[in-house]
Amino acid sequence: MAIQPIRLFGDPVLTVAAEPVTSFDAELRGLVKDLQDTMLDAPGAGLAAPQIGVSLRVFVYDVDEIVGHLINPVIKQLSDQCQEGDEGCLSFPGLTFPTRRAQSVVAEGFNMYGDPVTVAGSDLLARAVQHEVDHLDGILFIDRLDAEQRKLAMRAIREAEWSGLSVPRVKISPHATGGLPV
Ligand SMILES: [Zn+2]
């Protein structure tokens, strides 16, 4: 079991598009395990790899007591019918906002062994899949709020006790700089 620290809003890894998985190897299976362990510990209904700092197209979910994962997901169908309801995110601890999502979804992708799989569901599963696929595109649930809710969300984020904790740290380049101060 390897629970990883969850990246908070403000961390740049959360707002870039993640890379497709190309090797279905032991390292990938370790990543899926870490994601599941971290999600179950939090607990949350879903967790995407960028949320633990890994910019790969992988997410896990835990809905109706089914724990699953999907790699390189592609949303194939979204219902025209929508669901309303509060939504939160492990990268925004303690905050939920009313977020409109499609009522049902069909997503295709792969399991950690490289076999094609389809995830189809409605209600919370559909919400989780849409939320997690968004993460892999660098889109956060606050980007899906209407203008008024987004304003409220930004205020609540500024006032949250974790706000600013993930201000990006300056990393020292591993590359030789020829003695130049960079
Ligand atoms: Zn999230």
log₁₀ of I(q)/I(0) at q = 0.12, 0.19 Å⁻¹ - the chain, Debye sum with one point per alpha carbon | -0.58, -1.33
Helix-only [θ]222 nm of the chain, DSSP H runs n ≥ 4, -39500 (n - 2.57) each, per residue, nearest 500 | -7500 deg cm²/dmol
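So for each of 25-37, 44-56 I average, over its residues, the number of other beta carbons within 10 Å; can you give me the resulting order with the highest mean first? List each step's numbers first, then the result.
Working: 25-37: 16.2, 44-56: 22.6.
Ranked from most to least packed, the peptides come out as 44-56, 25-37.
Of all the accessible heavy-atom surface of region 19-164, with the other protein chains kept in place and a 1.4 Å probe, what percent is carbon and sulfur?
Numbers: 3370 of 7100 Å².
Of all accessible area on region 19-164, carbon and sulfur atoms account for 47 percent.
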Per Stokes-Einstein, at 20 °C and 1.002 mPa s, what whole-number D in µm² s⁻¹ belongs to region 1-97, with the Kirkwood radius over Cα pairs as the hydrodynamic radius?
-> 149
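Work out how much length residue 19 to residue 111 would gain on full extension: take 0.36 nm times their residue separation and subtract the Cα-Cα distance, in nm to one decimal.
That works out to 31.5 nm of additional length.
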Taking Rh as the Kirkwood radius, which is the inverse of the mean 1/r over Cα pairs, what is the Rg/Rh value for region 45-134?
-> 0.95
HN-Hα couplings for region 53-63 via Karplus (6.51, -1.76, 1.60; θ = phi - 60°), in whole Hz with x for Gly/Pro, come out as x, 10, 8, 10, 7, 9, 9, 10, 9, 9, 10
Fraction of beta bridges assigned by DSSP in the chain that are antiparallel (%, nearest 5) | 95
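The values are calculated or read from the model by the stated rules, or taken from the named source; none is laboratory data. Keep in mind that this is a model prediction, so the values were computed, not measured. Neighbour counts are summed over all protein chains in view; Cβ atoms, including those assigned to glycine, are modelled from backbone coordinates with ideal geometry. Quick note on the areas: whole protein, heavy atoms, side chains included, nothing else; ligands and nucleic acids left out. Shrake-Rupley method; radii C 1.70, N 1.55, O 1.52, S 1.80 Å.
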